[in-house]
Amino acid sequence: MLHNTPVVFVVDDDASVRKSLALLIDSAGWRAATFASAEEFQSCPRVLAPSCLVLDVNLPDLDGLELQRRVAADRIDMPIIFISGHGDVPMTVRAMKAGAMEFLTKPLRSEALLNAIRHALERSSAVLAEEAAMRSLRECHAFLTCREREVMALVVSGLLNKQIGAELDISEITVKAHRGSMMRKMRANSLAHLVNMAAKLGIAPCYPANRSRFAVRTAQDMQGARAAAGQWLRH
């Protein structure tokens, strides 16, 4: 379900509480969605908008703490605000340790609840933005060719173009072409930016199996250069 307006879900078995909370939430400019039970809430489709859950601890079918456990595993973009008519310290501690943003006792103070909802929706917005950024990053990486992915892994490992060419048995000019194409597709504006992207994607540094290989090749290049210089001097 796609909504532009933030959605505040309310799960409480008391119809009068649901009605009063819905009026308060709607008056604040958000959209309220109320449910009488945890099972009813779980059957609701996920929304693609900032959201939070105002949850009563004591419910008839599935208690609020168990619902919290399920929501936390499946909907990390939905912070939870607990409400209870008789919450105790152990219950509050358990809820907060499990990630609840707030634990409010009834009768609820409107301003306290609205502030808690506001902070929860801000967190939800941040999580959704991060998820969208990661989706975009994965899509960019998926458009890379196999060779461009190899070049990217070696670039973020700190290797120079000449070293990358030696590792992949391609020319330095070809490396530059692949590197330029890869940077454009990844929308990276610098090496530091690319390294940060790789870290988010979980791309580990890719070092050559034989690190001495570059040193050997460099030595061979120098020997070749000396030989060429000596031949030129003799002529």
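The values are calculated or read from the model by the stated rules, or taken from the named source; none is laboratory data. Because the structure is a prediction, the values reported are computed rather than measured. No Cβ is skipped: glycine too gets one built from the backbone with ideal geometry, and neighbour counts run over all protein chains shown.
Can you report the number of residues in the range 37-62 which are part of a loop (DSSP other than H, G, I, E, B), touching a residue at least 24 places away in the same chain (Cβ under 8 Å) and out of contact with any strand residue (DSSP E or B) (no Cβ under 8 Å at 6 or more places or on another chain)?
Looking only at that region, the number is 5.
Return a yes/no flag: does the range 119-140 have any residue that is assigned by TED's automatic domain parsing to the domain that holds Leu24, of a type in the set (D, E, K, R), within 22 Å of Val47 (Cβ to Cβ) and not in a helix (DSSP H, G or I).
no
Just a yes or no: is a residue in the range 15-22 in a loop (DSSP other than H, G, I, E, B) and either within 20 Å of Leu114 (Cβ to Cβ) or in the same structural domain as Ile81 (by TED's automatic domain parsing) (or both)?
Within the range 15-22, none of the residues are in a loop (DSSP other than H, G, I, E, B) and either within 20 Å of Leu114 (Cβ to Cβ) or in the same structural domain as Ile81 (by TED's automatic domain parsing) (or both).
Can you name every residue in the range 67-94 that is under 27 Å from Glu130 (Cα atoms), touching a residue at least 24 places away in the same chain (Cβ under 8 Å) and part of a helix (DSSP H, G or I)?
Matches in the range 67-94: Leu67, Gln68, Arg69, Arg70, Ala72.
So, in the range 95-118, of the ones that are under 19 Å from Asp74 (Cβ atoms) and in a loop (DSSP other than H, G, I, E, B), which residue ends up modelled with the highest pLDDT?
In this case the residue turns out to be Met101.
Would you please name the residue that is surrounded by the most Cβ atoms within 10 Å (Cβ to Cβ), looking only at residues in the range 43-71 that are over 23 Å from His119 (Cα atoms) and polar (S, T, N, Q)?
The selected residue is Asn58.
Does Ala100 satisfy being outside the structural domain of Ala199 (by TED's automatic domain parsing), surrounded by 14 or more Cβ atoms within 10 Å (Cβ to Cβ), out of contact with any helix residue (DSSP H, G or I) (no Cβ under 8 Å at 6 or more places or on another chain) and under 21 Å from Leu65 (Cβ atoms)?
In short, no.
Do we find that Ile164 is crowded, with 19+ Cβ neighbours inside 10 Å, part of a helix (DSSP H, G or I), β-branched (Val, Ile, Thr) and in the same structural domain as Ala204 (by TED's automatic domain parsing) in this structure?
For Ile164, the condition - crowded, with 19+ Cβ neighbours inside 10 Å, part of a helix (DSSP H, G or I), β-branched (Val, Ile, Thr) and in the same structural domain as Ala204 (by TED's automatic domain parsing) - is met.
Only one of (1) among the hydrophobic types (A, V, I, L, M, F, W, C); (2) at pLDDT 90 or above; (3) exposed (fewer than 14 other Cβ atoms within 10 Å of the Cβ) fails for Met78. Which number is that?
Only one criterion is unmet by Met78, namely (3).
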